[in-house]
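Report on one structure; see the data block that follows.
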Amino acid sequence: MSDTSDEPRIYLLPNLMTAGNLCCGFFAVLTIFNGMQEPDFTAAFPFYEKAILLIFGSCLFDLLDGRLARMGGQESPFGQEFDSLADVVSFGMAPALLVSKAVLFNLPSKIGWAIAFIYLLCGAMRLARFNCLANMPKKKGQSMDFRGIPIPMAAGFIASVTYLLIYFSETERELGHWNWVLAGGMLAISGLMISNLRYPSFKKIDFQTRGTPWGILTGALLILLLINEQTRWYTPTVIFSLYLIYGLIRPLLSKRLRHSFEEAVDGKSSFDENDDEAQSS
């Protein structure tokens, strides 16, 4: 009988969500490749739109796997590594390939591919740093903030802006220099992923988190905006942009204001008196 005492613990439900994340990422990459085969760029738009929706699906699965693992006390080194490997595909490779073919195609090819690779490289380094910090001994009162913008949010921002630009192209609106703007934005996002800027993790939000009437109203409004034909193109960009901007202005806010806002969002803030020195992932 084989000894399984050294086998890593593999919990079904959280890792099934991670598998869903990887599946969406894989089919996003495959869909982008299918779009690249189209002779007319306009004919490739439906493929790129589908790939963006698959990236959003990966974001949803990534949100669920961590929540389920924490709720069930099923966090494990295997799940952590599996999640990071899936994230490299879904939030690194897929957005990089998408942007280089759907938006940056107007730039010189070497520049477009270089920007896409820098994004992928920074995303992979961000995930490696996250795992290293997560495996360090935890200190009492340690902040749960992310160090650098998390790669799912970076991918969500890139995909949502691309989604909006594709919509502008389909409605025959002049993009002008927007492809250069997105190129600069992608480089900025790459830098934010490996920066020391702290972003709230909101890891305390789960299925048992108590809501407020204002929170429920805000959530319902977002759902309506996402399913409305006129606003669904803009809403994802607004959501991811707000998170990105909040991380940028967060150091400028007073601790009391940060505490009040984040407590309203996740029921219990990650605020800590020593959060400037705390090590976080």
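The values are calculated or read from the model by the stated rules, or taken from the named source; none is laboratory data. Note that this is a predicted model, so its numbers are computed, not measured. All Cβ positions, even for glycine, are placed from backbone atoms using ideal geometry, and neighbour counts span all protein chains on display.
If the condition is being under 20 Å from L63 (Cβ atoms) and modelled with pLDDT of 75 or more, then segment 201-217 contributes only S201. Here segment 220-267 is the region considered, the condition is being of a type in the set (D, E, K, R) and surrounded by 12 or more Cβ atoms within 10 Å (Cβ to Cβ), and the residue that is modelled with the lowest pLDDT is D266. Out of L187, L182, L120, L175, one residue alone is of a type outside the set (D, E, K, R), modelled with pLDDT under 85 and part of a helix (DSSP H, G or I). It is L182.
Take the conditions of a type in the set (F, W, Y), in contact (Cβ under 8 Å) with a residue 24 or more places away in the chain and out of contact with any helix residue (DSSP H, G or I) (no Cβ under 7 Å at 6 or more places or on another chain) and apply them to F27. Does it pass? Spelling it out, it is not the case that F27 is of a type in the set (F, W, Y), in contact (Cβ under 8 Å) with a residue 24 or more places away in the chain and out of contact with any helix residue (DSSP H, G or I) (no Cβ under 7 Å at 6 or more places or on another chain).
Considered as a group, the residues in segment 60-80 that are of a type in the set (D, E, K, R) and under 24 Å from I158 (Cβ atoms) include one that is nearest to the chain's Cα centre (by Cα), and that residue is D62. Just one of the listed residues (A96, A116) is surrounded by 17 or more Cβ atoms within 10 Å (Cβ to Cβ), in contact (Cβ under 8 Å) with a residue 60 or more places away in the chain and of a type in the set (A, V, I, L, M, F, W, C), namely A116. All told, L63 meets the bar of being assigned to a helix (DSSP H, G or I) and surrounded by fewer than 16 Cβ atoms within 10 Å (Cβ to Cβ).
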